[in-house]
Amino acid sequence: MTTAQLRIIARLSRQEGLSQAALAAQVDLEPMTLCRHIDRMVAAGLVERQQDPNDRRARMVFTTAKARELIGPMRARADVIFEEAQAGLSPEVRATLMEALATIVENLSDDARPSRSTAPSTSSKTARAETRRQRSLAVSEETQA
């Protein structure tokens, strides 16, 4: 299983029934790339697609029992790696690290890049700061779950 597929399962375990478009945005993959991953995961029996009852064009994605069996061991292994990586860091430094990493991810995401002709407005800076804060909290929650 690839890292992207692990991220997909982890995200779906928290939010079953996401549309493929929403899932792609949340795991930071292009929709077509996500679609190929989902195709392989359906074939492996890890996820299933269902028609969105509110939108005939959209498909919702759900984990299967097979995928749900993998979540516990996945999280346990991630916790071990996360602790090893942060050994010796105080809780305050860890919080600062999470915030900095969330900022870096936001800076590198496609929707955060300002156009070359204009600088970001104050409102877009505020929105990005809030997004970074929320991602930092999500990363923290995922590592503690």
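The values are calculated or read from the model by the stated rules, or taken from the named source; none is laboratory data. Owing to the predicted nature of the structure, the values given are computational and were not obtained by experimental measurement. Reconstructed Cβ throughout: ideal geometry from the backbone, glycine too, with neighbour counts over all protein chains shown.
Candidates Ala65, Ala87, Ala4, Ala76: the one that is aliphatic (A, V, I, L, M) and surrounded by 12 or more Cβ atoms within 10 Å (Cβ to Cβ) is Ala4. Taking region 1-54 as the range and being in contact with a strand residue (DSSP E or B) (Cβ under 8 Å, 6 or more places away or on another chain) and of a type in the set (Val, Ile, Thr) as the test, the residues that pass are Ile8, Ile9, Ile38, Val42, Val47.
Got a sec? Which of Leu108, Leu101 is modelled with pLDDT of 90 or more, under 16 Å from the mean Cα position of the chain (by Cα) and not assigned by TED's automatic domain parsing to the domain that holds Ile38?
On the way: Leu108 fails: modelled with pLDDT of 90 or more.
Answer to the selection: Leu101.
Scanning region 19-54 for residues that are β-branched (Val, Ile, Thr) and at pLDDT 95 or above yields Ile38, Val42, Val47. If the condition is being closer than 13 Å to Thr63 by Cα and of a type in the set (Gly, Ala, Ser), then region 1-53 contributes Ala10, Ser13, Gly17, Ser19, Ala43, Ala44, Gly45. Within region 92-109, residues that are among the hydroxyl-bearing types (Ser, Thr, Tyr) reach partners that are surrounded by 14 or more Cβ atoms within 10 Å (Cβ to Cβ) and not in a helix (DSSP H, G or I) with beta carbons closer than 7 Å, at six or more positions or on different chains, in the pairs Ser109/Asp28. The combined condition, being assigned by TED's automatic domain parsing to the domain that holds Ala21 and within 25 Å of Gln15 (Cβ to Cβ), is not fulfilled by Phe82.
Evaluate region 55-67: report whether one residue or more is of a type in the set (Asp, Glu) and at pLDDT 95 or above. So that I can check it myself, show each step before the final result.
Within region 55-67, the subset of a type in the set (Asp, Glu) is 55.
Cutting the leftovers down to at pLDDT 95 or above gives us none.
Checking region 55-67: not a single residue is of a type in the set (Asp, Glu) and at pLDDT 95 or above.
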